[in-house]
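Questions regarding the structure given below will be posed in turn.
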Amino acid sequence: MNVEIMNVGTELLLGEIVNTNATLLQKVCKDLGFNVYYQSVVGDNPQRLYDCLKIAFERGADCVITTGGLGPTTDDLTKELSAKYLGLEMVYNEEEARKVDIKCRYCTGVDQIPDNNFKQAYYPRDAYILENDMGTANGCAMSDGQRMIINLPGPPKELQYVVEHSLIPYLTKWKQDTIYTYEYLTMFIGESKIDEMLRDLIEGQKDVSIALYAGEETVRIRLAVKASSQEVADALMKDVKMEIEHRMAEYIIQEKDLKAAVLKKQPKISLTYHGDFRFYDEWLKPLMHESANIHIMVDTRQESLGEVVCVSMNDDYFEIPTFVKAEYSYAKVEARFVAKLYQYIVRHNQ
């Protein structure tokens, strides 16, 4: 199934909140084996929302999952526009009205709630209700027999509850093969060289796809395959993994990341700072020893474009140039530092 995710809310376009809903739904679709080729954000504007639905189906979606716009106010129109697009009649659901009444009175502590709350009790005829015990607006799934639209609430805590308790059980009937991935972390070799060494595998990929991702000092080789289970995926990837491991043996790091690789080596280090820049070195504390054999000194130097972090590891020395201030590029500096530390440990058998 091809799914498009559509997050509704002007506040998302204004950058007032982080769109965590998209990430959650993308993961759900991945786990169910659905294809997500597009994800869009649209404000609370009826015409633009309707146009987004039209575009989504025109470019190949079988199902559009929306978040937001299910509340009681006049600008909450996601459900109504979804039904209009599919040509479905909206009807008043007495049972849903009862739920809205109970929830609203419970939340507000009043006996008489505003009538506009009952806008949340209208649903497309024959829609499947996705229960939302965390809020007043239930979600729903509607279909015209060929296309499906699923409306989910916008508040993240409500969305997560509905996804876990209502949506996933509902969608399981359409579950397809899932994408399984496996990654190799490599060092001491560049992305272009890996591409050269694995070119025949990359160009000849069929069931198993191979992609390269370059980091500050490392390159990840990611394998991906669609399969019905982890066991089937492992079997499909077996030959490719064996070939990659044979060709790349001297460059592959067995741990999940370089920090884990450094910690596994258990070097004895000391760390001295000159200047304002500091590492958040909690992870380094287990390696600190009075009888250290790797003495590290960190200093900074000001250049016209920014600070340069200067690092000495015994007799080894390297610099990490940054723009403006080193702390603004902390992730880059730390990644380079960890990589150089690992290189030093390996090359000096520390």
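Share of the stretch 226-284's accessible area from carbon and sulfur, percent, 1.4 Å? If you can, show how the numbers build up before the last one.
On the way: 1800 of 3690 Å².
Solvent-exposed carbon and sulfur of the stretch 226-284 make up 49 percent of the total.
Output the 0 to 90 degree angle, nearest 10, between the alpha-carbon long axis of helix 94-108 and the longest principal axis computed from the alpha carbons of the chain.
Approximately 60 degrees, to the nearest 10.
Keeping all protein chains in the complex and leaving out DNA, RNA and ligands, what accessible area do you get for residue 11 with a 1.4 Å probe, in Å² to the nearest 10?
About 70 Å², ignoring ligands and nucleic acids.
Counting pairs of Cα atoms in the chain, how many percent are more than 27 Å apart?
Values: 38047 of 61075 pairs.
The proportion of pairs with Cα distances above 27 Å equals 62 percent.
Can you pull the accessible area of residue 265 for me, 1.4 Å probe, Å² to the nearest 10?
Its accessible surface works out to 100 Å², give or take rounding.
Counting only chymotrypsin sites (Phe, Trp or Tyr not before Pro) that are in a DSSP loop and have at most 16 other C-beta atoms within 10 Å, tell me the longest site-free stretch of the chain.
Numbers: sites that count: 188, 280, 323.
Result for the longest clean stretch: 1-187.
Looking at 181, 123, 149, which one has the Cα that reaches farthest to the positive end of the dipole of the stretch 102-254 (charges on Cβ: Lys, Arg +1; Asp, Glu -1)?
With unit charges placed on the Cβ atoms, the residue in question is 123.
Right, another one. Using a 1.4 Å probe and ignoring any ligands, DNA or RNA, find the accessible area of residue 248 and quote it in Å² to the nearest 10.
We get 0 Å² for residue 248.
Long-range amide H contacts for residue 64: which residues qualify at under 5 Å (H placed 1.01 Å from N, peptide plane, sequence gap of 5 or more or a different chain)?
4, 148, 149, 150
What is the gain in length, in nm to one decimal, between residue 202 and residue 106 on full extension, counting 0.36 nm per residue of separation less the C-alpha to C-alpha distance?
Here the segment from residue 202 to residue 106 would lengthen by 28.7 nm.
Using a 1.4 angstrom probe on the protein heavy atoms only, could you order 255, 245, 203, 290 from most to least accessible area? Before the final figure, lay out each step's value.
Values: 255 40, 245 75, 203 140, 290 195 Å².
Greatest to least solvent exposure: 290, 203, 245, 255.
When the Cα centres of the stretch 301-337 and the stretch 99-158 are compared, how far apart do they sit, in Å?
Centre-to-centre distance over Cα atoms comes out at 53 Å.
For the stretch 1-96, which whole-number percentage of the solvent-accessible area (1.4 Å probe, protein heavy atoms only) is attributable to carbon and sulfur atoms? Provide the component values of the computation, followed by the final result.
Values: 2380 of 4480 Å².
The C+S portion of the solvent-accessible surface of the stretch 1-96 is 53 percent.
May I pose another question? With +1 on each Lys and Arg Cβ and -1 on each Asp and Glu Cβ, how big is the dipole of the stretch 152-240 about its Cα centre, in debye rounded to the nearest 20?
Values: 10 positive and 15 negative charges, 79 e Å.
The dipole of the stretch 152-240 has a size of about 380 debye.
Whenever you get a sec, line up 18, 162 from highest to lowest accessible area (probe 1.4 Å, protein heavy atoms).
Numbers: 18 120, 162 0 Å².
Reading off the accessible areas and sorting them downward yields 18, 162.
How much length is gained on full extension from residue 285 to residue 95, taking 0.36 nm per residue of separation minus their Cα-Cα distance? Can you show the working numbers first?
On the way: separation 190, 0.36 × 190 = 68.40 nm, distance 5.94 nm.
Result for the pair: 62.5 nm of gain on full extension.
Still on this structure: Using only the heavy atoms of the protein chains and a 1.4 Å probe, how would 208, 346 rank by accessible area, largest first? Write down the numbers at each step before the final one.
Numbers: 208 10, 346 55 Å².
These residues rank, largest area first, as 346, 208.
Which residues does the label zone of residue 146 cover in the stretch 88-107, counting backbone N under 18 Å from a point 7 Å along Cα→Cβ?
88-89
For the stretch 15-133, compute Rg over Rh where Rg is the Cα radius of gyration and Rh is the Kirkwood radius from the inverse mean 1/r over Cα pairs. All intermediate terms of the calculation are to be shown ahead of the outcome.
Working: Rg = 16.0 Å, Rh = 16.2 Å.
Over the Cα atoms of the stretch 15-133, Rg/Rh equals 0.99.
Any chance you could run the full-extension gain for residue 228 through residue 216? It's 0.36 nm times the residue separation minus the Cα-Cα distance, nm to one decimal. Kindly include the intermediate steps, with their values, before the conclusion.
Working: separation 12, 0.36 × 12 = 4.32 nm, distance 3.47 nm.
Additional length available on full extension: 0.8 nm.
Run lengths n ≥ 4 of DSSP H only: what is the helix-derived mean residue ellipticity at 222 nm for the chain, with -39500 (n - 2.57) per run over all residues, to the nearest 500? Kindly include the intermediate steps, with their values, before the conclusion.
Working: 12 runs with 122 residues, N = 350.
After summing the helix terms and dividing by residue count, I get -10500 deg cm²/dmol.
Give me the 1.4 Å probe accessible area per residue for the chain, excluding ligands and nucleic acids, in Å².
Working: 18660 Å² over 350 residues.
Result: 53 Å² per residue.
Given a Förster radius of 35 Å and the C-beta distance between residue 133 and residue 183 as r, what FRET efficiency does 1/(1 + (r/R0)^6) yield to the nearest 0.05? Could the numbers behind the result be given before it?
On the way: r = 38 Å, r/R0 = 1.07.
For residue 133 and residue 183, the calculated efficiency is 0.40.
For the chain, what's the relative contact order in percent, using C-alpha pairs closer than 8 Å and at least 6 residues apart?
Numbers: 596 pairs, mean separation 39.3, N = 350.
Relative contact order for the chain comes out at 11 percent.
Would you mind calculating the relative contact order of the stretch 104-167 from Cα pairs under 8 angstrom and at least 6 residues apart, reporting the percent as a whole number? Intermediate results must be reported in sequence, preceding the final value.
On the way: 70 pairs, mean separation 16.0, N = 64.
Taking the mean separation of contacting Cα pairs over the length of the stretch 104-167, I get 25 percent.
If only Cα atoms are counted, what is the Rg of the stretch 231-350, and what is its Dmax, in Å?
Considering the stretch 231-350 through its Cα atoms, Rg and Dmax are 17.7, 56 Å.
Along the charge dipole of the stretch 219-267, pointing to its positive end and built from +1/-1 on Cβ of Lys, Arg, Asp and Glu, which listed residue (223, 236, 253) has its Cα farthest out?
253
If the cut-off is a Cα-Cα distance under 19 Å, which lysines reach residue 173, setting aside same-chain residues fewer than 8 apart in sequence?
Reachable lysines: 27, 30, 226.
Take the Cα atoms of the stretch 101-205, build their convex hull, and give its volume per residue in Å³.
Numbers: hull volume 20.9 nm³, N = 105.
Convex hull of Cα atoms, per residue: 199 Å³.
The values are calculated or read from the model by the stated rules, or taken from the named source; none is laboratory data. Quick caveat: nothing in here was measured; it's all calculated off a predicted structure. We place every Cβ from the backbone using ideal geometry, glycine too, and count neighbours over all the protein chains shown. Just the protein is used for accessible areas: all its heavy atoms, side chains included, with ligands, DNA and RNA removed. Shrake-Rupley method; radii C 1.70, N 1.55, O 1.52, S 1.80 Å.
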